[in-house]
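Here the structure is laid out as structure tokens; the discussion comes afterwards.
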Amino acid sequence: MTARPARSPLAAAPSRRRRGPRVAAVAIAAALTLTACASSPPQPSPEPAPAVAPAAVVPAQSDRILDALGLVLAAGDKKLDADALKPRLEEPALTMRGAEYVRADATDGKREPTALPTTAQATIVPRTDSWPRTQVVVTDQPDDLQAQRILVLRQDDPRAQYKLWGWSRLLPGTEMPQTAPALVGSPVVAPDSSALTVAPQDALDQYADLLENGSKSDHADAFEKNASLTEIEELRTRNEKAVKGSGTYDESYTADDEPVVSLGTIDGGAIVVGGITSVAATTITLKGATVPISDPFYRALSGKKTASKSFTRTSTDVLVLYVPPKGSDDNMRVLAFESVITGAKAS
């Protein structure tokens, strides 16, 4: 993956429109000798199948996909209309963006939807001839100078449009591992691959366990520390203290059944992308106690202003990991993480 020098240390192949040189077509005439006895016409010989599957998407196609996504996002964001997103968004992105529209409406536009640039600084595409096909796009930096986004785009079958499956944001100081140029494509790694220090699905499960149990997790030493994990642990501690004496606070994290995609890196490792569902539950144990729901977003999601028994918040998370090749002494690294609150219930 080749970085654009003036931009960032990201080592992915740039995805920009380029015009190739014109190639002159050369016509070759072949003379056929006819005899009295007509022979069978020559049969076309199919091109042999390539030994390695081609890149699923070329840069020019990826640019068109991103342009179409940008138009759909702009239309949905303008009216805060989740139905307008359906031509180019699928789950979980559709639920994530829809929840952000609820938040923006409930706060009179003060908490806007996440900025999602649709211009690519780098694109990682699969080298495959099967479906579904998933490409990973590292965007340019948003206008508000927040972290760059990673967009995950998937085509479910040959006739389907590429749709936004989810997005994540690069963590501070992140350097993307090197991948093959977009014109070549990166190999797709199986969820149960034994070529890595940890199989992709196990890597997602282990990080979900780390999120839930913190330093008590059996996998605490398998990952490099990162700002997102520190922030989650600090927020959990504050929430536990806030309800002490009147209730309990618990969090759970569950990884999806398998990664949406795992793409091989130049060093033999893999970039693994998957979803995690997190649930934060406050249970009120003190008789007669109530918890006010002051946040207008939570009020809009739950339809309640107070809770006397419990308050539960559900988030949809998108995780992007780097998993080293088997035999490496390196830890797994979180490249990007995004968490969007998509549900709330009060009783």
Between the alpha-carbon centers of the range 82-124 and the range 161-213, tell me the distance in whole angstrom. 22
So which of 241/345; 244/304; 110/216; 79/241; 79/345 end up more than 28 Å apart by C-alpha? 110/216; 79/241
Suppose we keep just the DSSP beta bridges with both residues in the range 59-346; what percent of those would be antiparallel, to 5? 95
Roughly how big is the range 59-346's charge dipole about its Cα centre, with Cβ charges of +1 (Lys, Arg) and -1 (Asp, Glu), in debye to the nearest 20? 1180
Residues of type lysines that residue 86 reaches as a straight line, Cα spacing below 23 Å, ignoring anything fewer than 8 places off in the same chain: 78, 163
If every alpha-carbon in the range 271-347 counts as one equal scatterer, what log10 I(q)/I(0) does Debye give at q = 0.16 1/Å? -0.67
With a cut-off of at most 14 other beta carbons within 10 Å, and DSSP calling the residue loop, which GluC sites (Glu not before Pro) in the range 121-228 qualify? Please list them. 175, 224
Residue 330 paired with residue 131, simple spin-label distance in nm, labels 7 Å along Cα-to-beta-carbon: 3.4
Yeah, the chain with a ≥ b ≥ c from its alpha-carbon gyration tensor (a/c under 1.5 is rounded, else prolate when a/b outruns b/c, oblate otherwise) is prolate
With a bin width of 5 angstrom, please list the P(r) values of the range 183-252 as percents of all Cα-Cα pairs, from the 0 bin to the one holding the largest distance. 3, 14, 19, 17, 15, 12, 8, 5, 4, 2, 1, 0
Please give the peptides 86-98, 242-254 ranked by average Cβ packing (other Cβ atoms within 10 Å per residue), highest first, as a rough proxy for protection. 86-98, 242-254
With unit charges on the beta carbon (Lys/Arg positive, Asp/Glu negative), name the residue among 168, 277, 75 whose Cα is farthest towards the positive pole of the charge dipole of the chain. 75
Grab the beta carbon distance between residue 241 and residue 281, set R0 = 22 Å, and tell me the FRET efficiency rounded to 0.05. 0.85
Ellipticity estimate at 222 nm from DSSP helix runs (n ≥ 4, -39,500 (n - 2.57)) divided over the chain, nearest 500: -7000 deg cm²/dmol
With r as the distance between the Cβ atoms of residue 61 and residue 252 and R0 = 35 Å, compute the FRET efficiency 1/(1 + (r/R0)^6) and round to 0.05. 0.30
Taking R0 as 25 Å, what FRET efficiency do you get between residue 145 and residue 105 from their Cβ-Cβ distance, rounded to the nearest 0.05? 0.45
May I ask for the angle, rounded to the nearest 10°, between helix 59-79 and the longest principal axis of the chain, with both axes built from Cα atoms and the value confined to 0 to 90°? 30
Could you tell me the relative contact order of the chain? Use alpha-carbon pairs under 8 Å, at least six residues apart, and round to a whole percent. 17
Residue 249 neighbourhood, Cβ < 10 Å, K/R = +1, D/E = -1, net charge +1
Return the aspartates and glutamates within reach of residue 225: Cα separation strictly under 13 angstrom, same-chain partners fewer than 8 residues apart disregarded; answer none if there are no such residues. 233, 330
Taking Cα pairs closer than 8 Å and at least 6 residues apart, the relative contact order of the range 108-229 in percent is 18
Using only Cα atoms and rounding to the nearest 10 degrees, what angle (0 to 90) does helix 200-213 make with the longest principal axis of the chain? 10
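Coordinate-derived values only; no laboratory data. These numbers come from a predicted model, not from an experiment. Don't worry about glycine lacking a Cβ; one is built from the backbone with ideal geometry, like all the others, and counts go over all protein chains shown.
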